[in-house]
Amino acid sequence: MSQDASTLKLTITGAAGQIAYALLPRLGELLINVESKIDLRLCDTESQLPALNALSMELDDFACPWIEKITCTSNLKDAFEGCELAILIGARPRTLGMERSDLLVANGEIFSEQGRALNAYADQNVKVLVVANPCNTNAYICMNHAKDIPSHRFFSMSMLDQNRAYAFMAKQYDLELAMIENLCVWGNHSPSMYVDFQRATYDGQPIIERIQDHSWFANDYQTLVAQRGSEVIKARGSSSAASAANAIIDNVALLLDQNQCYGNFSMGVCSHGEYGAQPGTIVSYPCVYNAKGELSIVEHIDLDPIAQQRIALSFEEIANEANQCRSLDLITH
Ligand code: LMR
(Lines give C-alpha, C1' and ligand atoms only; values in the text may rest on other atoms or scores of the structure.)
Protein backbone atom coordinates (compact mmCIF):
# COMPACT_ATOMS: atom_id res chain seq x y z
CA MET A 1 0.00 0.00 0.00
CA SER A 2 1.35 3.48 -0.86
CA GLN A 3 2.70 4.95 2.37
CA ASP A 4 1.81 8.55 1.48
CA ALA A 5 -1.68 8.31 0.07
CA SER A 6 -2.77 5.19 1.99
CA THR A 7 -4.54 4.09 -1.16
CA LEU A 8 -4.20 0.50 -2.29
CA LYS A 9 -4.15 0.01 -6.05
CA LEU A 10 -5.89 -3.32 -6.33
CA THR A 11 -6.57 -5.26 -9.53
CA ILE A 12 -9.00 -8.16 -9.69
CA THR A 13 -9.18 -10.26 -12.85
CA GLY A 14 -12.21 -12.42 -13.54
CA ALA A 15 -14.05 -9.60 -11.80
CA ALA A 16 -17.39 -10.43 -13.42
CA GLY A 17 -17.34 -13.94 -11.93
CA GLN A 18 -19.00 -15.40 -8.87
CA ILE A 19 -15.91 -15.40 -6.63
CA ALA A 20 -15.38 -11.69 -7.25
CA TYR A 21 -19.07 -11.04 -6.58
CA ALA A 22 -18.67 -12.60 -3.15
CA LEU A 23 -15.30 -10.92 -2.58
CA LEU A 24 -15.98 -7.29 -3.49
CA PRO A 25 -18.35 -6.41 -0.62
CA ARG A 26 -15.71 -7.62 1.84
CA LEU A 27 -12.65 -5.75 0.56
CA GLY A 28 -13.01 -3.10 3.27
CA GLU A 29 -11.95 -5.78 5.78
CA LEU A 30 -8.44 -5.61 4.30
CA LEU A 31 -7.81 -1.96 5.05
CA ILE A 32 -5.39 -1.04 7.77
CA ASN A 33 -7.33 1.94 9.10
CA VAL A 34 -10.57 3.78 8.48
CA GLU A 35 -8.89 6.38 6.31
CA SER A 36 -7.40 3.86 3.87
CA LYS A 37 -8.92 3.61 0.43
CA ILE A 38 -8.90 1.28 -2.53
CA ASP A 39 -8.32 2.27 -6.16
CA LEU A 40 -10.12 -0.72 -7.64
CA ARG A 41 -9.51 -2.05 -11.12
CA LEU A 42 -12.06 -4.61 -12.22
CA CYS A 43 -10.76 -6.56 -15.17
CA ASP A 44 -12.45 -9.15 -17.33
CA THR A 45 -12.89 -10.03 -21.01
CA GLU A 46 -14.51 -7.50 -23.32
CA SER A 47 -17.80 -9.41 -23.44
CA GLN A 48 -18.04 -9.00 -19.64
CA LEU A 49 -17.74 -5.20 -19.66
CA PRO A 50 -21.53 -4.68 -19.28
CA ALA A 51 -21.45 -6.98 -16.25
CA LEU A 52 -18.49 -5.04 -14.82
CA ASN A 53 -20.34 -1.76 -15.30
CA ALA A 54 -23.34 -3.19 -13.46
CA LEU A 55 -21.01 -4.29 -10.68
CA SER A 56 -19.53 -0.82 -10.51
CA MET A 57 -23.05 0.61 -10.11
CA GLU A 58 -23.70 -1.78 -7.23
CA LEU A 59 -20.42 -0.83 -5.59
CA ASP A 60 -21.37 2.86 -5.87
CA ASP A 61 -24.59 1.98 -4.11
CA PHE A 62 -22.67 0.60 -1.15
CA ALA A 63 -21.75 4.24 -0.39
CA CYS A 64 -18.42 2.89 0.82
CA PRO A 65 -15.97 5.45 2.13
CA TRP A 66 -13.10 3.12 1.23
CA ILE A 67 -13.67 3.06 -2.52
CA GLU A 68 -11.60 5.85 -4.04
CA LYS A 69 -12.10 4.93 -7.68
CA ILE A 70 -13.42 2.06 -9.79
CA THR A 71 -12.09 1.25 -13.26
CA CYS A 72 -13.84 -1.38 -15.37
CA THR A 73 -11.61 -2.64 -18.13
CA SER A 74 -10.55 -5.47 -20.41
CA ASN A 75 -7.28 -3.68 -21.12
CA LEU A 76 -4.34 -5.05 -19.14
CA LYS A 77 -2.43 -1.75 -19.14
CA ASP A 78 -5.38 0.04 -17.54
CA ALA A 79 -5.86 -2.87 -15.16
CA PHE A 80 -2.26 -3.16 -13.95
CA GLU A 81 -0.88 0.40 -14.16
CA GLY A 82 0.75 1.03 -10.77
CA CYS A 83 -0.97 -2.05 -9.33
CA GLU A 84 0.22 -2.94 -5.81
CA LEU A 85 -1.87 -6.05 -5.31
CA ALA A 86 -3.23 -8.30 -8.05
CA ILE A 87 -5.77 -11.01 -7.32
CA LEU A 88 -5.95 -13.20 -10.41
CA ILE A 89 -9.24 -15.08 -10.44
CA GLY A 90 -10.07 -15.08 -14.14
CA ALA A 91 -9.22 -18.14 -16.20
CA ARG A 92 -10.67 -20.49 -18.73
CA PRO A 93 -12.68 -23.13 -16.86
CA ARG A 94 -12.37 -26.75 -17.84
CA THR A 95 -15.23 -27.80 -20.07
CA LEU A 96 -16.50 -31.15 -21.28
CA GLY A 97 -14.00 -33.02 -23.43
CA MET A 98 -11.11 -30.75 -22.51
CA GLU A 99 -7.88 -32.47 -21.51
CA ARG A 100 -5.75 -30.99 -18.75
CA SER A 101 -3.14 -30.05 -21.36
CA ASP A 102 -5.82 -28.10 -23.33
CA LEU A 103 -6.59 -26.24 -20.13
CA LEU A 104 -2.90 -25.56 -19.56
CA VAL A 105 -2.55 -24.11 -23.06
CA ALA A 106 -5.67 -21.92 -22.75
CA ASN A 107 -4.70 -20.65 -19.31
CA GLY A 108 -1.03 -20.55 -20.22
CA GLU A 109 -1.78 -17.84 -22.75
CA ILE A 110 -3.86 -15.85 -20.26
CA PHE A 111 -1.24 -16.02 -17.50
CA SER A 112 1.70 -15.37 -19.84
CA GLU A 113 -0.01 -12.22 -21.04
CA GLN A 114 -0.89 -11.12 -17.52
CA GLY A 115 2.67 -11.80 -16.34
CA ARG A 116 4.07 -9.61 -19.12
CA ALA A 117 1.53 -6.87 -18.36
CA LEU A 118 2.33 -6.96 -14.63
CA ASN A 119 6.00 -6.72 -15.51
CA ALA A 120 5.42 -3.73 -17.75
CA TYR A 121 2.92 -1.73 -15.70
CA ALA A 122 2.66 -2.81 -12.05
CA ASP A 123 4.28 -1.15 -9.06
CA GLN A 124 7.75 -2.53 -8.36
CA ASN A 125 6.55 -3.92 -5.01
CA VAL A 126 3.44 -5.59 -6.42
CA LYS A 127 2.19 -8.80 -4.80
CA VAL A 128 0.35 -11.28 -7.00
CA LEU A 129 -2.07 -13.87 -5.62
CA VAL A 130 -3.26 -16.46 -8.15
CA VAL A 131 -6.59 -18.07 -7.37
CA ALA A 132 -7.60 -19.43 -10.80
CA ASN A 133 -6.98 -23.14 -11.24
CA PRO A 134 -4.61 -24.83 -11.65
CA CYS A 135 -3.44 -22.01 -9.36
CA ASN A 136 0.08 -23.28 -8.59
CA THR A 137 0.89 -23.72 -12.27
CA ASN A 138 -0.87 -20.53 -13.38
CA ALA A 139 1.19 -18.63 -10.80
CA TYR A 140 4.31 -20.36 -12.12
CA ILE A 141 3.53 -19.28 -15.70
CA CYS A 142 2.68 -15.72 -14.66
CA MET A 143 5.88 -15.40 -12.59
CA ASN A 144 8.01 -16.67 -15.45
CA HIS A 145 6.65 -13.99 -17.78
CA ALA A 146 7.18 -11.19 -15.26
CA LYS A 147 10.92 -11.41 -15.33
CA ASP A 148 11.66 -8.17 -13.44
CA ILE A 149 9.32 -8.92 -10.53
CA PRO A 150 11.05 -10.99 -7.85
CA SER A 151 9.66 -14.50 -7.57
CA HIS A 152 8.90 -14.07 -3.86
CA ARG A 153 6.09 -11.68 -4.83
CA PHE A 154 4.03 -14.47 -6.46
CA PHE A 155 1.63 -16.61 -4.45
CA SER A 156 -0.96 -19.29 -5.12
CA MET A 157 -3.92 -19.79 -2.84
CA SER A 158 -3.97 -22.79 -0.54
CA MET A 159 -5.93 -20.96 2.17
CA LEU A 160 -9.21 -22.54 1.05
CA ASP A 161 -7.74 -26.00 1.69
CA GLN A 162 -6.40 -24.80 5.03
CA ASN A 163 -9.77 -23.38 6.08
CA ARG A 164 -11.44 -26.65 5.09
CA ALA A 165 -8.87 -28.55 7.14
CA TYR A 166 -9.64 -26.44 10.23
CA ALA A 167 -13.39 -26.82 9.76
CA PHE A 168 -13.36 -30.61 9.30
CA MET A 169 -11.09 -31.11 12.29
CA ALA A 170 -13.22 -28.93 14.56
CA LYS A 171 -16.39 -30.72 13.46
CA GLN A 172 -14.99 -34.23 13.81
CA TYR A 173 -13.80 -33.74 17.39
CA ASP A 174 -16.18 -31.00 18.50
CA LEU A 175 -13.29 -28.57 18.96
CA GLU A 176 -13.39 -24.79 19.32
CA LEU A 177 -12.10 -23.51 15.95
CA ALA A 178 -10.31 -20.53 17.43
CA MET A 179 -8.16 -22.77 19.61
CA ILE A 180 -6.74 -24.80 16.72
CA GLU A 181 -3.42 -23.49 15.37
CA ASN A 182 -0.59 -24.41 13.00
CA LEU A 183 -2.65 -26.65 10.76
CA CYS A 184 -1.08 -26.37 7.31
CA VAL A 185 -1.47 -27.75 3.83
CA TRP A 186 1.45 -28.84 1.66
CA GLY A 187 1.79 -29.22 -2.10
CA ASN A 188 -0.60 -28.60 -4.95
CA HIS A 189 -4.13 -27.18 -4.78
CA SER A 190 -5.43 -30.50 -6.09
CA PRO A 191 -6.47 -33.84 -4.61
CA SER A 192 -2.76 -34.61 -4.05
CA MET A 193 -2.44 -31.94 -1.32
CA TYR A 194 -1.45 -33.09 2.17
CA VAL A 195 -2.82 -31.74 5.46
CA ASP A 196 -0.07 -31.72 8.05
CA PHE A 197 -2.06 -32.53 11.19
CA GLN A 198 0.97 -33.61 13.20
CA ARG A 199 2.15 -30.14 14.12
CA ALA A 200 -1.33 -28.72 14.74
CA THR A 201 -2.09 -27.62 18.28
CA TYR A 202 -5.24 -27.19 20.32
CA ASP A 203 -5.02 -24.71 23.15
CA GLY A 204 -1.24 -24.96 22.75
CA GLN A 205 -1.16 -28.76 23.08
CA PRO A 206 -0.32 -30.99 20.08
CA ILE A 207 -3.59 -32.34 18.65
CA ILE A 208 -2.03 -35.78 18.20
CA GLU A 209 -1.48 -35.99 21.97
CA ARG A 210 -5.04 -35.00 22.70
CA ILE A 211 -6.63 -37.37 20.17
CA GLN A 212 -5.12 -40.82 20.29
CA ASP A 213 -6.60 -42.40 17.16
CA HIS A 214 -4.59 -40.97 14.27
CA SER A 215 -6.08 -43.16 11.53
CA TRP A 216 -8.85 -40.64 10.77
CA PHE A 217 -6.28 -37.86 10.35
CA ALA A 218 -4.10 -39.90 8.01
CA ASN A 219 -6.92 -41.21 5.82
CA ASP A 220 -10.54 -39.99 5.79
CA TYR A 221 -9.54 -36.50 6.85
CA GLN A 222 -7.13 -36.09 3.94
CA THR A 223 -9.79 -37.25 1.47
CA LEU A 224 -12.47 -34.99 2.94
CA VAL A 225 -10.30 -31.90 2.55
CA ALA A 226 -8.91 -32.92 -0.84
CA GLN A 227 -12.33 -33.71 -2.30
CA ARG A 228 -14.26 -30.80 -0.79
CA GLY A 229 -13.96 -28.67 -3.94
CA SER A 230 -15.44 -31.48 -6.05
CA GLU A 231 -18.20 -32.08 -3.49
CA VAL A 232 -19.18 -28.41 -3.64
CA ILE A 233 -19.21 -28.53 -7.45
CA LYS A 234 -21.50 -31.57 -7.31
CA ALA A 235 -23.80 -29.89 -4.79
CA ARG A 236 -24.15 -26.46 -6.42
CA GLY A 237 -23.29 -27.15 -10.04
CA SER A 238 -20.36 -24.75 -10.03
CA SER A 239 -17.21 -24.35 -8.00
CA SER A 240 -16.96 -22.74 -4.59
CA ALA A 241 -17.46 -19.00 -4.65
CA ALA A 242 -18.28 -17.69 -1.15
CA SER A 243 -15.70 -19.90 0.57
CA ALA A 244 -13.10 -19.06 -2.09
CA ALA A 245 -13.76 -15.35 -1.58
CA ASN A 246 -13.47 -15.81 2.17
CA ALA A 247 -10.15 -17.60 1.72
CA ILE A 248 -8.90 -14.74 -0.49
CA ILE A 249 -9.70 -12.30 2.32
CA ASP A 250 -7.78 -14.48 4.81
CA ASN A 251 -4.87 -14.89 2.43
CA VAL A 252 -4.60 -11.23 1.43
CA ALA A 253 -4.88 -10.12 5.07
CA LEU A 254 -1.71 -12.12 5.68
CA LEU A 255 0.01 -10.64 2.63
CA LEU A 256 -0.81 -7.05 3.53
CA ASP A 257 -0.25 -6.94 7.24
CA GLN A 258 2.92 -8.46 8.53
CA ASN A 259 2.93 -6.73 11.88
CA GLN A 260 0.52 -9.02 13.59
CA CYS A 261 1.79 -12.10 15.33
CA TYR A 262 0.66 -15.20 13.43
CA GLY A 263 1.42 -18.85 13.86
CA ASN A 264 2.05 -21.00 10.83
CA PHE A 265 -0.18 -20.65 7.79
CA SER A 266 -0.37 -22.24 4.31
CA MET A 267 0.72 -20.27 1.29
CA GLY A 268 1.76 -21.22 -2.22
CA VAL A 269 5.20 -19.62 -2.62
CA CYS A 270 8.11 -19.99 -5.01
CA SER A 271 10.23 -22.90 -3.86
CA HIS A 272 14.02 -22.92 -3.72
CA GLY A 273 13.91 -26.68 -3.37
CA GLU A 274 12.83 -26.75 0.29
CA TYR A 275 11.76 -30.25 1.39
CA GLY A 276 12.54 -31.67 -2.08
CA ALA A 277 10.25 -29.58 -4.32
CA GLN A 278 11.49 -28.64 -7.77
CA PRO A 279 13.16 -25.21 -7.43
CA GLY A 280 11.21 -22.44 -9.14
CA THR A 281 7.82 -24.13 -8.80
CA ILE A 282 5.00 -22.63 -6.74
CA VAL A 283 4.29 -24.90 -3.81
CA SER A 284 2.12 -24.66 -0.70
CA TYR A 285 4.27 -24.81 2.43
CA PRO A 286 3.74 -24.02 6.08
CA CYS A 287 4.85 -20.38 6.24
CA VAL A 288 5.49 -17.88 8.99
CA TYR A 289 6.57 -14.29 9.42
CA ASN A 290 10.13 -14.39 10.73
CA ALA A 291 11.65 -11.99 13.25
CA LYS A 292 12.59 -9.59 10.43
CA GLY A 293 8.95 -9.43 9.33
CA GLU A 294 9.62 -11.48 6.19
CA LEU A 295 7.25 -14.17 5.00
CA SER A 296 9.29 -17.36 5.01
CA ILE A 297 8.88 -21.12 4.73
CA VAL A 298 8.98 -22.88 8.11
CA GLU A 299 12.31 -24.71 8.36
CA HIS A 300 13.39 -27.97 9.96
CA ILE A 301 9.99 -29.66 10.06
CA ASP A 302 10.41 -33.27 10.99
CA LEU A 303 8.04 -35.17 8.70
CA ASP A 304 7.24 -38.83 9.26
CA PRO A 305 7.74 -41.25 6.32
CA ILE A 306 4.04 -41.25 5.33
CA ALA A 307 3.87 -37.46 5.27
CA GLN A 308 7.14 -37.32 3.34
CA GLN A 309 5.78 -39.74 0.76
CA ARG A 310 2.47 -37.90 0.34
CA ILE A 311 4.15 -34.52 0.07
CA ALA A 312 6.70 -35.84 -2.43
CA LEU A 313 3.86 -37.06 -4.67
CA SER A 314 2.18 -33.67 -4.60
CA PHE A 315 5.48 -31.90 -5.32
CA GLU A 316 6.02 -34.30 -8.22
CA GLU A 317 2.60 -33.42 -9.64
CA ILE A 318 3.51 -29.72 -9.55
CA ALA A 319 6.90 -30.42 -11.16
CA ASN A 320 5.22 -32.45 -13.91
CA GLU A 321 2.83 -29.58 -14.66
CA ALA A 322 5.76 -27.15 -14.77
CA ASN A 323 7.65 -29.47 -17.12
CA GLN A 324 4.54 -29.76 -19.28
CA CYS A 325 4.41 -25.95 -19.53
CA ARG A 326 7.93 -26.03 -20.89
CA SER A 327 7.18 -28.78 -23.37
CA LEU A 328 4.12 -26.84 -24.55
CA ASP A 329 6.37 -23.77 -25.01
CA LEU A 330 4.36 -21.79 -22.48
CA ILE A 331 7.69 -20.97 -20.88
CA THR A 332 10.67 -20.73 -23.16
CA HIS A 333 13.65 -19.72 -21.03
C1 LMR B 1 -12.13 -25.51 -4.87
O2 LMR B 1 -11.20 -25.96 -4.21
O3 LMR B 1 -13.27 -25.38 -4.43
C4 LMR B 1 -11.89 -25.16 -6.31
O5 LMR B 1 -10.55 -24.89 -6.51
C6 LMR B 1 -12.38 -26.30 -7.16
C7 LMR B 1 -12.33 -25.99 -8.63
O8 LMR B 1 -11.84 -26.88 -9.38
O9 LMR B 1 -12.73 -24.93 -9.07
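Annotation for region 266-333 versus region 91-135: alpha-carbon center distance of 19 Å. When the helices of the chain are scored as -39500 (n - 2.57) per DSSP H run of n ≥ 4 and the total is divided over every residue, the value at 222 nm lands at -12500 deg cm²/dmol.
Restricting the trypsin sites (Lys or Arg not before Pro) of region 30-121 to loop positions (DSSP other than H, G, I, E, B) with no more than 16 neighbouring Cβ atoms within 10 Å leaves ARG94. A protection proxy built from the mean count of other Cβ atoms within 10 Å ranks the segments 7-14, 284-291, most packed first, as 7-14, 284-291.
Of the cross-linked pairs LYS9/LYS77; LYS9/LYS127; LYS9/LYS69; LYS9/LYS37; LYS37/LYS69; LYS171/LYS234, those separated by over 18 Å at the C-alpha level are LYS171/LYS234. Using heavy atoms of the protein chains and a probe of 1.4 Å, the accessible area assigned to ASP123 is about 50 Å².
Placing a label point 7 Å from the Cα of LEU256 along the Cα-to-Cβ line, the residues of region 60-83 whose backbone N sits under 20 Å from it are 60-72, 79-83. For region 201-210, backbone phi angles converted through the Karplus equation (6.51, -1.76, 1.60; θ = phi - 60°) give residue-by-residue couplings of 10, 10, 6, x, 9, x, 4, 5, 7, 6 Hz, Gly and Pro being listed as x.
Computed over protein heavy atoms with a 1.4 Å probe, the carbon and sulfur contribution to the accessible area of region 35-158 reaches 48%. The distance linking region 1-65 with region 172-231 is 33 Å (Cα centroid to Cα centroid, whole angstrom).
Among residues other than TYR173 with Cβ under 11 Å from its Cβ, the summed charge is -1 (Lys and Arg +1, Asp and Glu -1). The charge dipole of the chain, taken about the Cα centre with unit charges on the Cβ atoms of Lys, Arg (+1) and Asp, Glu (-1), comes to about 460 debye, rounded to the nearest 20. Taking GluC sites (Glu not before Pro) as exposed when DSSP calls them loop and at most 13 other C-beta atoms lie within 10 angstrom, the chain has its longest site-free stretch at 177-293. If the chain linking LEU328 and GLN124 were pulled fully straight, counting 0.36 nm for each residue of separation and taking away their Cα-Cα distance, it would gain 70.5 nm. Proximity of backbone amide H atoms, modeled 1.01 Å from N, is registered between SER266 and VAL185, CYS287 at under 5 Å, excluding neighbours fewer than 5 places apart on the same chain.
Distance between the pseudo-spin-label points of ALA235 and TRP216 (7 Å out from Cα toward the beta carbon): 1.8 nm. Per residue, the chain exposes 46 Å² of accessible surface when a 1.4 Å probe is rolled over the protein heavy atoms with every protein chain present. Axis of helix 100-121 versus longest Cα principal axis of the chain: the two differ by about 60°, to the nearest ten degrees.
Fully extending the segment from ALA54 to GLU29, taken as 0.36 nm per residue of separation minus the present Cα-Cα distance, adds 6.7 nm.
Shown are SER266, SER296, whose ranking by accessible area with a 1.4 Å probe and every protein chain present, most to least, is SER296, SER266. Along the axis of the charge dipole computed for region 7-156 (Cβ charges of +1 for Lys and Arg, -1 for Asp and Glu, origin at the Cα centre), the listed residues ASN53, ILE32, GLY97 are led at the positive end by GLY97.
Summing Cβ point charges (Lys, Arg +1; Asp, Glu -1) relative to the Cα centre of region 7-156 gives a dipole of roughly 420 debye. Split the accessible area of region 159-321 by element, probe 1.4 Å, and carbon with sulfur accounts for 50%.
The values are calculated or read from the model by the stated rules, or taken from the named source; none is laboratory data. What you are looking at is a predicted structure, and each value in this text was computed from that prediction instead of being measured. Backbone-built Cβ (ideal geometry, glycine too); neighbour counts: all protein chains shown. The protein model used for the area step is the full one, side chains on, heavy atoms only, and it has no ligands, DNA or RNA in it. Shrake-Rupley method; radii C 1.70, N 1.55, O 1.52, S 1.80 Å.
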